[in-house]
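The values are calculated or read from the model by the stated rules, or taken from the named source; none is laboratory data. These numbers come from a predicted model, not from an experiment. Cβ coordinates were reconstructed from backbone atoms using ideal geometry, including for glycine residues, and neighbour counts include every protein chain displayed.
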Amino acid sequence: MIKPPEWKNPDDLITLAEGPNQPPLPEGGIPTQKVPGWIRWPIRAIMLPFVLLDLAAQRLVRFFFRTPYKSAGHCYQRGNCCYYIVIPTPTNWMRRLYYFWNTEINGFYPRHPEPMDVDGDTVMIMGCRYLQNDGRCGHHRLRPSVCREWPRIEIFGRPQRLKGCGFKAIPRDKDFDPYGIEKRSIKNKLNIIK
């Protein structure tokens, strides 16, 4: 077995991702989930209406409160949004529960055993075990809300896009670009365009 290349910070991870192949798996491969599938899948199916209701409520709010940007383009199915899922480091009981939910129910796994500092926040870099080799989701119908709402355009704040994903954020008013995303490129460690 070939040992995956070392990476100790997000810049190393992005350098690996810019190659033609998927980024390396964690040492020892994708960890197995402790919660069996016969428990995971019914929980995800039961939670799906709540996920869809949450997304519908977000759309309703965006209907009345227009975001300064609109989304354009389409997904190129490169899988980068599935390779680099960023969640808070599990430091208190609520974040531990969130981490457990994402690893055991949603199917994410830590790409790196240690938390990383990304743009001033200590986070875990996760990957999705359901990403197929061709860049498509293996469980698209039951995907979690973090996947359904990406790429994200906030009502207040900069839009979040991954470079090369196929989506762009375009100002609704061509004379008003509150964050100047059309004029300048913001450099950050995970190449998320904010």
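Residues that are surrounded by 15 or more Cβ atoms within 10 Å (Cβ to Cβ), of a type in the set (A, V, I, L, M) and within 18 Å of G166 (Cα to Cα) within the range 62-86 comprise just one, I85. Here the range 35-46 is the region considered, the condition is being in contact with a helix residue (DSSP H, G or I) (Cβ under 8 Å, 6 or more places away or on another chain) and of a type in the set (A, V, I, L, M, F, W, C), and the residue that is farthest from Q160 (Cα to Cα) is V35.
From the list C165, C128, the lone residue that is of a type outside the set (D, E, K, R), closer than 25 Å to P24 by Cα and modelled with pLDDT under 85 is C165.
If I filter the range 115-133 for residues that are assigned to a helix (DSSP H, G or I), surrounded by 19 or more Cβ atoms within 10 Å (Cβ to Cβ), in contact (Cβ under 8 Å) with a residue 60 or more places away in the chain and not basic (K, R), do I get at least one hit?
Within the range 115-133 (the criterion being assigned to a helix (DSSP H, G or I), surrounded by 19 or more Cβ atoms within 10 Å (Cβ to Cβ), in contact (Cβ under 8 Å) with a residue 60 or more places away in the chain and not basic (K, R)), the answer is no, since none of the residues qualifies.
Please tell me if R62 is touching a Ser or Thr at 6+ places or on another chain (Cβ under 8 Å) and part of a helix (DSSP H, G or I). So R62 fails the test.
Of all the numbered requirements in (1) part of a strand (DSSP E or B); (2) under 13 Å from the mean Cα position of the chain (by Cα); (3) not aliphatic (A, V, I, L, M), S71 misses one, and that requirement is (2). Could you look through the range 88-108, keep only residues that are closer than 15 Å to P144 by Cβ and surrounded by fewer than 19 Cβ atoms within 10 Å (Cβ to Cβ), and pick out the one that is farthest from the chain's Cα centre (by Cα)? That would be L97. Residues that are surrounded by 11 or more Cβ atoms within 10 Å (Cβ to Cβ) and modelled with pLDDT under 90 within the range 33-60 comprise just one, Q58.
Once the range 74-87 is narrowed to residues that are part of a loop (DSSP other than H, G, I, E, B) and within 20 Å of I30 (Cα to Cα), the residue that is nearest to the chain's Cα centre (by Cα) is Y84.
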